[in-house]
Amino acid sequence: MLKAVLMATLLATGHPVSATGPEETTLIFVNAAEVESSPSPDPGLSAAGQEQASQLVSSLEGMDISAIYTTYLNRSVQTVTPLSKAHQQQLDYFRLNGDPDQTTAVLKDMIKKNKGKTIVICSVPENITAMLQHAGVKGKTMKTLYDKGCGQVLVVKHSEGNAAVAQKLNMNIQKKV
């Protein structure tokens with residue numbers, strides 16, 4: 001079901017690109033999955049978070065993903081590691097330090113390397129929000145209500161000269177009673 005929703009969203013948010021128009025790059029921003037309760041400043045995924053990571057794999061099954069980017073945080077790496085294994089791809093790591101110019105440079109580099117393709121970018125909400133702003137997405141944020149991580153996914157269609165189009169997907173695990 002989630003895969004069908006993701007595929008429908010990718011189609012719905014897309015703008016047909018003519019042979020003479022700009023190439024469209026699909027950015028799939030993934031909020032790091034739910035973490036376990038731990039005094040550690042960089043905890044690993046909880047059982048629900050591991051299930052969210054598995055759902056991400058199922059949701060993106062069969063998609064042609066050019067690259068999978070992640071920060072060095074355990075929760076981000078653990079969220080996309082199953083996806084990288086399923087797609088037999090290495091993770092590409094990036095680091096942001098809060099500098100807007102550096103954020104812009106990192107995102108532009110990702111898009112330049114993967115122009116016209118689909119990439120996955122996994123991080124914490126603050127980094128995703130900053131990258132969205134630099135991608136030209138207006139009014140979308142992944143705020144603190146995702147403090148533990150909950151597998152939120154935002155699909156962004158980006159093409160030079162055109163407004164970015166974003167669609168938020170929810171990959172929350174339903175709690176079993």
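The values are calculated or read from the model by the stated rules, or taken from the named source; none is laboratory data. Small disclaimer: the values here were computed from a predicted structure and weren't measured. Positions of Cβ are backbone-derived with ideal geometry, glycine not excepted, and every protein chain shown enters the neighbour counts. Please note that ligands, DNA and RNA were not included when accessible areas were found on the heavy atoms of the full protein model with its side chains. Shrake-Rupley method; radii C 1.70, N 1.55, O 1.52, S 1.80 Å.
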*Restricting segment 87-145 to residues that are among the hydroxyl-bearing types (Ser, Thr, Tyr), touching a helix residue (DSSP H, G or I) at 6+ places or on another chain (Cβ under 7 Å) and at pLDDT 90 or above, which is nearest to residue 45 (Cα to Cα)?*
123
*Name the residues in segment 54-86 that are open to solvent by 50 Å² or more (accessible area, probe 1.4 Å) and farther than 22 Å from residue 133 by Cα, would you?*
54, 55, 58, 61, 62, 64, 74, 75, 78, 85, 86
